Amino acid sequence: MATLIIEMDGGLVNEVYSTLLEPLNIQVYDTDDRRDPEHAYLYAASIYALQFGGMRPQFRRGHDYSDRIWGALERRPESAALVSDLRRAASQAGIQAQAQDAAFLAGYLEAFGEFKEFVDYLSAEKKVNAEFRQQIDRLLDRQMEKYFTFAEQINTPERYDGGHDETAISGRTLDCEGGAKDGV
């Protein structure tokens, strides 16, 4: 079993220790962050990842995803929370592009969550070997890292007000390094 130790001092994280060989992408959020406009988008991104990203709670063993939100892929109103009110673009075109990118990101996460849940099912039923699962886990980790990176990027109004009002759907893709790039 992997072990993670988080050393904190006065509410700040000093160091994170782990038995895992891979680097960790740790998202720490406090439920008070939803009231803090500066951190509201990161809180929304974390909650969205828990609901749609196929992530498992570590303290509740035997979790079966029964509380996961299922349904057809659609533009959910919750995706608007992925863009902070403090970080909205100034122009109407920029605001619209941010909203489209947030909807794109929400759809990306829902598709990712369904794939992750399918892989978890295959592992639980012993239909894949450990080496395959290890490689898939690395891929899944990178995809979740891309999600959080893009959540930060859509909260950068300069990207939308500086003449870059092209949405993720119309031309930018998530590249292997987790950022948006032009073209396909």
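What the table shows:
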item: Residue match in segment 43-51 (condition: in a loop (DSSP other than H, G, I, E, B) and either surrounded by fewer than 16 Cβ atoms within 10 Å (Cβ to Cβ) or modelled with pLDDT under 85 (or both)); result: no
item: Residue check, Ala97 outside any helix (DSSP H, G or I) and at pLDDT 90 or above; result: no
item: Verdict on Ala2 being open to solvent by less than 70 Å² (accessible area, probe 1.4 Å), under 22 Å from Gln135 (Cα atoms) and at pLDDT below 80; result: yes
item: Test: residue in segment 154-169 that is surrounded by 14 or more Cβ atoms within 10 Å (Cβ to Cβ), touching a Gly at 6+ places or on another chain (Cβ under 8 Å) and at pLDDT 90 or above; result: yes
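One line per residue, one yes/no per condition, for (1) closer than 23 Å to Glu38 by Cα; (2) at pLDDT 90 or above; (3) of a type in the set (Phe, Trp, Tyr):
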{"site": "His63", "(1), (2), (3)": "no, no, no"}
{"site": "Leu73", "(1), (2), (3)": "no, no, no"}
{"site": "Glu78", "(1), (2), (3)": "yes, no, no"}
{"site": "Leu82", "(1), (2), (3)": "yes, no, no"}
{"site": "Asn129", "(1), (2), (3)": "no, no, no"}
{"site": "Glu152", "(1), (2), (3)": "yes, yes, no"}
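The values are calculated or read from the model by the stated rules, or taken from the named source; none is laboratory data. Because the structure is a prediction, the values reported are computed rather than measured. Methodologically, a virtual Cβ is constructed for each residue, glycine included, from the backbone with ideal geometry; neighbour enumeration extends over all protein chains shown. For the accessible areas, the whole protein counts, side chains as well, though only heavy atoms, and no ligand, DNA or RNA atoms are used. Shrake-Rupley method; radii C 1.70, N 1.55, O 1.52, S 1.80 Å.
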